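As structure tokens, the structure follows; a few thoughts come after it.
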Amino acid sequence: MLRCLKLSDITEIFVVTNDAQKFFVTGQIEELGHHLPEDHVLIEPEGKNTLPAICFGMSEIEKKFGECAVGVFPSDHVLDMDAMDTIRDAEKLSGEYLVTFGIAPVFPHTGYGYIKPGENLENAQKVLKFMEKPRLEAARKYIEEGCLWNSGMFLFNTKLFFNELKTHSPDIFTAFTKRNDIGHIYKKLPSISVDYGIMEKSEKVAVVELGYKWSDLGDFDSMYVETEKNEKGNAIYNCEDISINSTANLIYSKKDKAVSLIDVNDMVVVDTDDALLVCPRKSSQKVKEIVTVLKEKKDERAFFHNTVYRPWGSYTVLEASGRHKIKNIRVTPGKKLSLQLHNHRSEHWVVVKGIALVQVDGEEKRLEEGESTFIKAKVKHRLSNPGTIPLEIIEVQLGDYVGEDDIERFEDEYGRV
């Protein structure tokens, strides 16, 4: 977001995401001191790779602003802020070419795609070929031939983009131009990358080299490289490292938890509330295969994090079974949950921090730290934070069903009734 603000005003920025991440996105932007217009947060009905996502954003921008240059940036990249000046300077070029940005390789990376530059243009080169993620020997050869890493960042003129889309992916072009219902559009779309759908087929593609530090943070190995190391050479998140004769590891665990590796090097250890990963750093890209297995099983852990963001704040599931669930709930100052009831569960709230305004069966009361209340099943209730600091409560749910869909809303400030 901060990088994009070097190119555009906040009112010109759009974010394409999914429903589970919607409030996480808006909450983080608000924490940065900015407010993104609500209709600029575009929700994909389902993930269909990069081309549909880009088309979604490009079509909404064209509707609102007409023909213009649009920067396309993945949200998880590390990039020097000064690179945005080079990207801005490519705006004129984008009127004639689909512009991609390449990075000079610093080693033969097998997790990145490569771009082979050709004819020189003004401050750019025409693209001869895109290469998929290679094996090590091929990566070395690409570097010898002067190829660049494919950063996955672009600058597209809306008119040229849709003309090339119509030529090379006419079905996708038709889907986005003939209908406005994004749900119906996505049902008809293939899962396809922007490289395969347009960039590899178009004759109008140019690459601008960015001479700045960059990483796509595409796996835990990339995170290790970008993270500060301790005196043992380990990259540590949250936990306390008391390893013995172990170095070059990435270790993530619960806050203040002691983690000890013995005679272990170049490993990834990620310990969360609902999953544990242990693998060599060089194999960390295979995590995608695990995610695929979980999605095929429709396992909720592949779709939802233990911490879920809502327009009023967030909640973290601490413990759960078929008949109970314990949550840590945080409510942003001035925000309130919907007036609601649950048919299958009761709830017990204990205030941990802040002041809670609680409405139960039409009666209101204030609860301070250490105080609690109980809500029976089928009783209307509402939780608000009237204070100036975040409200934090522990919620204990009990019943024959504690699923998130057991909720009936009657009033809601966020349009969910």
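Coordinate-derived values only; no laboratory data. Keep in mind the model is a prediction, meaning the values are calculated, not measured. For neighbour counting, all protein chains shown are included, and Cβ atoms are generated from backbone atoms with ideal geometry for every residue, glycine included.
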Once the piece of chain linking Asn49 and Ser346 is laid out straight, how much longer is it, given 0.36 nm per residue of separation minus the C-alpha distance between them?
102.9 nm
Could you tell me what % of all Cα pairs in the chain have separations over 38 Å?
33 percent
List residues of segment 378-417, by number, whose backbone nitrogen lies under 11 Å from a label position 7 Å along Cα→C-beta of Asp361.
378-380
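Quick one: which of Lys257/Lys286; Lys286/Lys336; Lys133/Lys166; Lys129/Lys286 span more than 31 angstrom between C-alpha atoms?
Details: Lys257/Lys286 26 Å; Lys286/Lys336 41 Å; Lys133/Lys166 27 Å; Lys129/Lys286 26 Å.
In this structure, Lys286/Lys336 exceed 31 Å between Cα atoms.
Report the calculated FRET efficiency for Lys92 and Asn328 (r = Cβ-Cβ distance, R0 = 56 Å), to the nearest 0.05.
Details: r = 51 Å, r/R0 = 0.92.
The computed FRET efficiency comes out at 0.65.
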Net dipole in debye of the chain [+1 Lys, Arg Cβ; -1 Asp, Glu Cβ; about Cα centre; nearest 20]
800 debye
Computed from the beta carbon distance with a Förster radius of 22 Å, FRET efficiency for Ile10 and Asp80 to the nearest 0.05 stands at 0.55
Give the span of segment 220-286's Cα atoms along each principal axis, as three whole-Å numbers ordered largest to smallest.
27, 27, 21
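Can you put Ser338, Ser346 in order, fewest other beta carbons within 10 Å first?
Values: Ser338 20, Ser346 15.
The most exposed by this proxy come first: Ser346, Ser338.
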In degrees, nearest 10, the alpha-carbon axis of helix 287-296 is tilted away from the dominant principal axis of the alpha carbons of the chain by 60 degrees
Sequence-separation-based contact order of the chain, relative, with Cα cut under 8 Å and 6+ spacing, percent:
12 percent
Over what distance in Å are the Cα centres of segment 228-266 and segment 91-107 separated?
38 Å
GluC sites (Glu not before Pro) lying in DSSP loop within segment 164-246, provided at most 13 other Cβ fall within 10 Å:
Glu203, Glu228, Glu231
Positive-end residue of Ala83, Ile251, Pro280, charge dipole of the chain with Cβ unit charges
Pro280
Crossing angle, helix 50-65 versus the chain [Cα axis fit, 0-90 degrees, rounded to tens]
90 degrees
If the cut-off is 17 Å between C-alpha atoms, which aspartates and glutamates fall inside it for Lys116, apart from same-chain ones fewer than 8 positions away?
Glu132, Glu137, Glu144, Glu145, Asp195, Glu200, Glu203, Glu209
q = 0.14 Å⁻¹, segment 4-215: log10 I(q)/I(0) [Debye, one scatterer per Cα]:
-0.89
According to a simple spin-label model (label point 7 Å from Cα along Cα-to-Cβ), what is the distance in nm between Thr292 and Lys64?
3.6 nm
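Under the 0.36 nm per residue contour assumption, what length would be gained going from the current alpha-carbon distance of Asp299 and Lys353 to full extension?
Numbers: separation 54, 0.36 × 54 = 19.44 nm, distance 3.31 nm.
Additional length available on full extension: 16.1 nm.
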Alpha carbon Rg of segment 48-93, scaled by the compact-globule rule 2.2 N^0.38 Å
1.32
Given the rule -39500 (n - 2.57) for each run of at least 4 DSSP H residues, summed and divided by the residues of the chain, what is its mean residue ellipticity at 222 nm, to the nearest 500 deg cm²/dmol?
-6000 deg cm²/dmol
